[in-house]
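Asker: Dumping the structure here so I can ask a few things about it.
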Amino acid sequence: MQTIGVLTSGGDSPGMNAAVRAVVRTGIYKGLKVIGIRQGYHGLINGLMDEMNLSSVADIIHRGGTMLQTARSEEFRTEEGRRKANYALKIFGVDGLVVIGGDGSFAGAKKLSELGIKTIGIPGTIDNDLRYTDYTIGFDTAVNTVVDAIGKIRDTSTSHGRANVIEVMGRHCGDIALYAGLAGGAESIIVPEVPFEIDRVCKKLIKGRNRGKLHSIILLAEGVGGGMDIAKEIEEKTGIETRVTILGHIQRGGTPTAFDRNIASKMGARAVELLVAGKSCRAVGVKGLDVIDVDFDEVFNTENKFDKKSYDLANILSI
Ligand code: F6P
C-alpha cells in the first residue's frame, strides 16, 4: 500500500473534518501518499483529487461540515459510474480508499472493492442508524444542538403556556429524538421504532397541565411523519395552543463536540492501520470505549437495535 484516498459522502456531519485529519496525518506518519477526493463519489468519478499534506488538514478539527465537501451521487449507483471511479483511482495510483459516510456510502465502497480497490468505511452521519457501532460521527453534536434548542423553546413555551412539537432529523431512526428527549426532559418522545398513540400523548399533556406544568415539549423524529399534522391533532384534542419547530439542517452543522472529535480521530487512525495491514471491506466503529472493525456484510445484516430501555426511562422520568 503506497497511496490512499479519502472522501466524505452523503449527508455531512460534524466531526467529519476530524476524521479526514486523522486519516491524512496517520497516512503521512506511516509513509503513505494521501489523496483527498472532493465531493464524494461524484468527485471520484470526475477526478476531483489533490494530494494532501500535513498543512492541508491544519485548523479543521474544530470545524463543522467537511473540507472535502460531499455529495449524493446518482451516477455512482450505476456500473458505468463505478467503472469511471475505479479508472480515476488507477490514474492517481490509489490502492486503498477510506470512505466517511453512512450506509449508502458503505454500500458504494463495497461495490468498488469488487473492482479491486481496498476500501474501509468510517461511520459519518448524525442519524446514528448504523447498528454495528454504538456511535456514528456527528450524532453527539446533533443531540447537543437539539438539547440546546429544547431549552430555548421551553422558555417561550412556559411564557405562553403552550405545547411545542419539535421535529428532528434521523431518517428512519429515532436515536436523535430519543437521546435529545431524554437529556432535554421532553414530555413525550415519538420515534418510528415504537408505535405511538396520539391520545396517550394528549392525556399526558393534560395531566401535566392539571398539576400546573406550563410547558410541554413533544420531540418528534422525522421518520414518524410531519410535525404540522401532529401539532394540529394535539391542539384539536387538548385545546392547548401548540406550535411546531422543525430544526432541520441546523442539526448537521456547528462545531463538533469533543466526543465526536475523539471518536473521529480514533476511527480515522484505525482505518489507515487496516489498509496498511492489507484489509478491505471493513467498517470501523466504537463499542463502549473500544474502536472496532467489522466486515461490511455485518453492517448491512445487523438488525435494528433500538434502545427501548432508555425510551422507557424517558417516559418514566416525564410522568
Ligand atoms: O442522513 C442525514 C440526514 O440529515 C437525515 O437525518 C435527513 O433525513 C437527510 O439527511 C436530509 O438530507 P438532505 O440534506 O439531502 O436534505
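The values are calculated or read from the model by the stated rules, or taken from the named source; none is laboratory data. In this text, all values refer to a predicted model and were calculated from it rather than measured experimentally. Backbone-built Cβ (ideal geometry, glycine too); neighbour counts: all protein chains shown. These area figures cover heavy atoms from the full protein model, side chains too; ligands, DNA and RNA do not enter into them. Shrake-Rupley method; radii C 1.70, N 1.55, O 1.52, S 1.80 Å.
Asker: Let me spell it out: the conditions are (1) crowded, with 20+ Cβ neighbours inside 10 Å; (2) under 25 Å from the mean Cα position of the chain (by Cα), and V94 meets all of them except one. Which number is the exception?
Answerer: Of (1) crowded, with 20+ Cβ neighbours inside 10 Å; (2) under 25 Å from the mean Cα position of the chain (by Cα), only one is false for V94: (2).
Asker: Please determine, by comparing only the residues of the stretch 1-46 that are part of a loop (DSSP other than H, G, I, E, B) and under 14 Å from L97 (Cα atoms), which one is farthest from the ligand (Cβ to nearest atom). Steps first, please.
Answerer: Taking the stretch 1-46 and keeping what is part of a loop (DSSP other than H, G, I, E, B), we get 1-2, 9-15, 30-32, 38-39, 46.
In the following step, the residues that additionally are under 14 Å from L97 (Cα atoms) were identified as 1-2, 9, 32, 38.
Working: M1: 31, Q2: 34, S9: 11, L32: 30, R38: 18 Å.
Filtering the stretch 1-46 for residues that are part of a loop (DSSP other than H, G, I, E, B) and under 14 Å from L97 (Cα atoms), the one farthest from the ligand (Cβ to nearest atom) comes out as Q2.
Asker: A further question on this structure: Given the options I126, I150, I190, name the one that is within 15 Å of the ligand (Cβ to nearest atom) and open to solvent by less than 10 Å² (accessible area, probe 1.4 Å). Lay out the reasoning, then the answer.
Answerer: Numbers: I150 fails: within 15 Å of the ligand (Cβ to nearest atom); I190 fails: within 15 Å of the ligand (Cβ to nearest atom).
Answer to the selection: I126.
Asker: Only residues in the stretch 289-303 that are under 15 Å from A109 (Cα atoms) count as the first member; pair them with residues that are open to solvent by less than 60 Å² (accessible area, probe 1.4 Å) and at pLDDT below 85, Cβ under 9 angstrom, at least 6 apart or cross-chain, and list the lot.
Answerer: V294/T302
Asker: Being in a helix (DSSP H, G or I), out of contact with any Lys or Arg (no Cβ under 7 Å at 6 or more places or on another chain) and either open to solvent by 70 Å² or more (accessible area, probe 1.4 Å) or of a type outside the set (S, T, N, Q) (or both) is the filter here; which residues of the stretch 47-87 pass it? Steps first, answer last, please.
Answerer: Looking only at the stretch 47-87, we keep the residues that are in a helix (DSSP H, G or I), and these are 54-57, 75-77, 79-87.
Pick out the ones that are also out of contact with any Lys or Arg (no Cβ under 7 Å at 6 or more places or on another chain) and you get 55-56, 75, 77, 79-81, 83-87.
Within the stretch 47-87, S55, E75, R77, E79, E80, G81, R83, K84, A85, Y87 qualify.
Asker: Here is a further query. Mind listing whichever residues of the stretch 88-116 are small (G, A, S), away from the ligand (no atom under 16 Å from the Cβ) and outside any loop (DSSP other than H, G, I, E, B)?
Answerer: As a first pass, look at the stretch 88-116 and keep what is small (G, A, S): 88, 93, 96, 101-102, 104-105, 107-109, 113, 116.
From what's left, away from the ligand (no atom under 16 Å from the Cβ): 88, 93, 96, 109, 113, 116.
A88, G96, A109, S113 - these are the residues of the stretch 88-116 that are small (G, A, S), away from the ligand (no atom under 16 Å from the Cβ) and outside any loop (DSSP other than H, G, I, E, B).
Asker: Do you know which residues across the stretch 59-76 are in contact (Cβ under 8 Å) with a residue 12 or more places away in the chain and of a type in the set (D, E, K, R)?
Answerer: The first filter runs over the stretch 59-76 and keeps only residues in contact (Cβ under 8 Å) with a residue 12 or more places away in the chain, leaving 60-73, 75-76.
Scanning the stretch 59-76 gives R63, R72, E75.
Asker: Looking at V272, V291, V284, can you tell me which residue is under 20 Å from G124 (Cβ atoms), in contact with a Pro (Cβ under 8 Å, 6 or more places away or on another chain) and away from the ligand (no atom under 16 Å from the Cβ)?
Answerer: Values: V272 fails: in contact with a Pro (Cβ under 8 Å, 6 or more places away or on another chain); V291 fails: in contact with a Pro (Cβ under 8 Å, 6 or more places away or on another chain).
After ruling out the rest, the residue left standing is V284.
Asker: Within the stretch 270-319, track down each residue that is of a type in the set (S, T, Y) and either buried (at least 16 other Cβ atoms within 10 Å of the Cβ) or modelled with pLDDT of 95 or more (or both).
Answerer: In the first step, residues of the stretch 270-319 are kept if they are of a type in the set (S, T, Y); the result is 280, 302, 310-311, 318.
Scanning the stretch 270-319 gives S280, S310, Y311, S318.
Asker: Considering only the stretch 129-142, how many residues are among the hydroxyl-bearing types (S, T, Y) and within 12 Å of the ligand (Cβ to nearest atom)? I'd like the intermediate steps shown before the answer.
Answerer: As a first pass, look at the stretch 129-142 and keep what is among the hydroxyl-bearing types (S, T, Y): 132-133, 135-136, 141.
Keeping just the survivors that are within 12 Å of the ligand (Cβ to nearest atom) gives 136.
Of the residues in that region, 1 qualify.
Asker: Could you please find all residues in the stretch 23-40 being open to solvent by less than 10 Å² (accessible area, probe 1.4 Å) and within 18 Å of the chain's Cα centre (by Cα)?
Answerer: Residues of the stretch 23-40 open to solvent by less than 10 Å² (accessible area, probe 1.4 Å): 23-24, 27, 34-37, 40.
The one that is open to solvent by less than 10 Å² (accessible area, probe 1.4 Å) and within 18 Å of the chain's Cα centre (by Cα): G40.
Asker: Of everything in the stretch 178-187 that's part of a loop (DSSP other than H, G, I, E, B) and crowded, with 19+ Cβ neighbours inside 10 Å, which residue is farthest from the ligand (Cβ to nearest atom)? Can you show your working first?
Answerer: Taking the stretch 178-187 first, the residues part of a loop (DSSP other than H, G, I, E, B) are 185-187.
Still in the running and crowded, with 19+ Cβ neighbours inside 10 Å: 186-187.
Values: A186: 18, E187: 23 Å.
Top of the filtered list is E187.
Asker: Next question, about the same structure. Among what's in the stretch 153-177 and is on the phi > 0 side of the Ramachandran plot and open to solvent by 10 Å² or more (accessible area, probe 1.4 Å), pick the residue that is nearest to the ligand (Cβ to nearest atom). Give the derivation first.
Answerer: Restricting attention to the stretch 153-177, the residues satisfying the condition of being on the phi > 0 side of the Ramachandran plot are 161, 170-171.
Applying the additional criterion that residues be open to solvent by 10 Å² or more (accessible area, probe 1.4 Å) yields 161, 171.
On the way: G161: 31, R171: 4 Å.
Restricting to residues being on the phi > 0 side of the Ramachandran plot and open to solvent by 10 Å² or more (accessible area, probe 1.4 Å), the top hit is R171.
Asker: Would you mind telling me which numbered condition in (1) open to solvent by 30 Å² or more (accessible area, probe 1.4 Å); (2) on the phi < 0 side of the Ramachandran plot; (3) within 14 Å of the ligand (Cβ to nearest atom) R243 fails?
Answerer: R243 satisfies every listed condition except (3).
Asker: Right, next: Going through K33, K90 one at a time, which residue ends up being of a type outside the set (V, I, T) and without any contact (Cβ under 8 Å) to a residue 24 or more places away in the chain? Before you say what the answer is, go through the steps one by one.
Answerer: Details: K33 fails: without any contact (Cβ under 8 Å) to a residue 24 or more places away in the chain.
Every option except K90 fails the conditions.
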